[in-house]
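Okay, so here's the structure we're looking at.
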Amino acid sequence: MTVLVIYEKWICAPHALLNDYLEKRSEIVEVAKLIDLNEKYSRILDVKILEK
């Protein structure tokens with residue numbers, strides 16, 4: 001099945017005096033079961049099924 005995954009990812013600052021931050025990202029992936037998304041992404045915000 002093809003799904004659109006919207007997730008957050010921690011971005012490490014390039015310098016010690018700068019703060020790390022969360023960035024919102026999206027990606028289209030193919031998975032056999034939706035539970036397989038937990039292995040690749042840790043901060044999932046939304047999942048939309050595009051094609052079964």
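The values are calculated or read from the model by the stated rules, or taken from the named source; none is laboratory data. Just so it is clear, the model here is predicted, and its values are computed rather than measured. Positions of Cβ are backbone-derived with ideal geometry, glycine not excepted, and every protein chain shown enters the neighbour counts. Calculation scope for accessible area: heavy atoms of the full protein, side chains included, ligands and nucleic acids excluded. Shrake-Rupley method; radii C 1.70, N 1.55, O 1.52, S 1.80 Å.
Quick notes on this one:
- Among the residues of the stretch 2-23, just one is touching a residue at least 40 places away in the same chain (Cβ under 8 Å) and either in contact with a Phe, Trp or Tyr (Cβ under 7 Å, 6 or more places away or on another chain) or at positive phi (or both), namely V5.
- Tally of residues being open to solvent by less than 50 Å² (accessible area, probe 1.4 Å), of a type in the set (A, V, I, L, M, F, W, C) and out of contact with any Leu (no Cβ under 9 Å at 6 or more places or on another chain) across the stretch 1-43: 2
- Residue match in the stretch 45-52 (condition: modelled with pLDDT under 95 and surrounded by fewer than 12 Cβ atoms within 10 Å (Cβ to Cβ)): yes
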